[in-house]
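To keep things clear, I will list the structure first and then write my remarks on it.
The values are calculated or read from the model by the stated rules, or taken from the named source; none is laboratory data. Treat the numbers as computed from the prediction; the structure is a model and nothing was measured. Reconstructed Cβ throughout: ideal geometry from the backbone, glycine too, with neighbour counts over all protein chains shown.
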Amino acid sequence: MELLTIGAFARAARLSPKALRLYDELGLLRPAAVDPASGYRLYSTEQLDHARLVAWMRRLGMPLARIRTVCSLPPAAAATEVAAFWEQVETETSARRELAAFLVDHLSRKDTAMTGTPTTWTLRYASRTDRGLVRAVNQDVVHASDRLLAVADGFGAAPASTVAMGAFTAPITAGTVLDALQEAARRADESVRDLAIDGVGTTLTAMAWSGSQLALVHIGDSRAYLLRDGELFRLTDDHTVVQALIDDGTLTPVEAESHPQRSILIRALHGGDPAVPDLRTHEVQAGDRYLLCSDGLHTVLPGDVLRRTIGAHADPQRAVDELIRLVHEAGAPDNVACVVADLVPA
Ligand code: MN
């Protein structure tokens, strides 16, 4: 049996002497002999195959403990073990691939949001509420400020919308803008419950601007729309019986427009069980214009009229006034509340 010094064996096996010493310490590859005088490790040429096998498995990224297992097995079982290891690597890689794709997407969006919405942006807005031509009182309420836009459409024998809006717009110290909205909505819900009068309630649709993020809270059938690149997008779902019927395919949207129960709400701040509003953040873009309105506007003016009207007037006040004028022209059967707001550089 020919014995090689560690240096010569390392060259033949294409491993470093350092690696061989490590493999010895880990019990992966023991030298064939150790010179009793010098302590030098000596390797047999017959160990070359074993050494190469260890080197290949290291190159595969196999952990040392697992290499030790493979080395202890007969060839067929060792092959099965390597195959099992590789299958595990591929499974893990595919999970990591998905995670990486998610992170790339997540971080790219963040970048877009940051470059697209400098924190010096602010809301430019106008708002108005109107009794209309038929109702005796106005139970629609509107709020607009630098940080908060909201509409509420009350029903019943008490001013639930005014009470709820008061509670909703009281200052809040909360973590994120979404947390703040959720807390404000919870308080508004409580304020309606405190009225303790049967059959009263209100819708609530609001947007909060944190300076860098826009968040939405919504319950009932008031609506939030976005006008972007000349197109009108609805950002909220109506919490109505007819919307539920549309969603399950019982009604078409056109049939719903004339449905006698189209204003019956399935969710609102109504003093019953704690309300569950929809909550979400919304990604803003330069040039976005937002419209919040009660059903007194969106059931009277068709979507294309809304789109054309708010697209035609750069000044939010003119857009709001024109919307109310058009509602009056159409008979104004209900109270109206609306807010038009642009995100503009401060
Ligand atoms: Mn209404």
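Looking across the stretch 201-238 at every residue that is more than 16 Å from the ligand (Cβ to nearest atom) and polar (S, T, N, Q), the one that is nearest to Asp189 (Cα to Cα) is identified as Ser210.
Considering only the stretch 239-340, give the helices (runs of 4 or more DSSP H) lying wholly within it that have at least 3 residues that are out of contact with any His (no Cβ under 6 Å at 6 or more places or on another chain), within 14 Å of the ligand (Cβ to nearest atom) and not β-branched (Val, Ile, Thr).
Helices (runs of 4 or more DSSP H) meeting the threshold: 295-298.
Restricting the stretch 248-272 to residues that are within 27 Å of the chain's Cα centre (by Cα) and of a type in the set (D, E, K, R) leaves a set whose member that is surrounded by the fewest Cβ atoms within 10 Å (Cβ to Cβ) is Asp248.
Checked against the criterion of being touching a residue at least 12 places away in the same chain (Cβ under 8 Å) and within 19 Å of Leu148 (Cα to Cα), the candidates Ala341, Ala275, Ala244, Ala332 yield just one match: Ala341.
Among the residues of the stretch 63-95, those that are at pLDDT 90 or above and outside any helix (DSSP H, G or I) comprise Leu73, Pro74. Against the conditions (1) buried (at least 16 other Cβ atoms within 10 Å of the Cβ); (2) within 53 Å of the chain's Cα centre (by Cα); (3) among the polar types (S, T, N, Q), Gln47 satisfies every one except (2). Checking each residue in the stretch 35-50 for being out of contact with any Phe, Trp or Tyr (no Cβ under 7 Å at 6 or more places or on another chain) and either among the hydrophobic types (A, V, I, L, M, F, W, C) or touching a residue at least 24 places away in the same chain (Cβ under 8 Å) (or both) picks out Ala37, Tyr40, Arg41, Leu42, Ser44, Thr45, Glu46, Gln47, Leu48. Just to be sure, is Thr93 among the hydroxyl-bearing types (Ser, Thr, Tyr) and under 38 Å from the mean Cα position of the chain (by Cα)? It is true that Thr93 is among the hydroxyl-bearing types (Ser, Thr, Tyr) and under 38 Å from the mean Cα position of the chain (by Cα).
Quick test for you: out of Ala275, Ala341, Ala337, Ala332, pick the one residue that is surrounded by 15 or more Cβ atoms within 10 Å (Cβ to Cβ) and at positive phi. So the residue among Ala275, Ala341, Ala337, Ala332 that is surrounded by 15 or more Cβ atoms within 10 Å (Cβ to Cβ) and at positive phi is Ala332. So, Thr69, is that one surrounded by 12 or more Cβ atoms within 10 Å (Cβ to Cβ) and more than 30 Å from Glu90 (Cβ to Cβ) or not? The answer is no for Thr69.
Of all the residues in the stretch 138-154, those that are without any contact (Cβ under 8 Å) to a residue 60 or more places away in the chain and within 12 Å of the ligand (Cβ to nearest atom) number 1.
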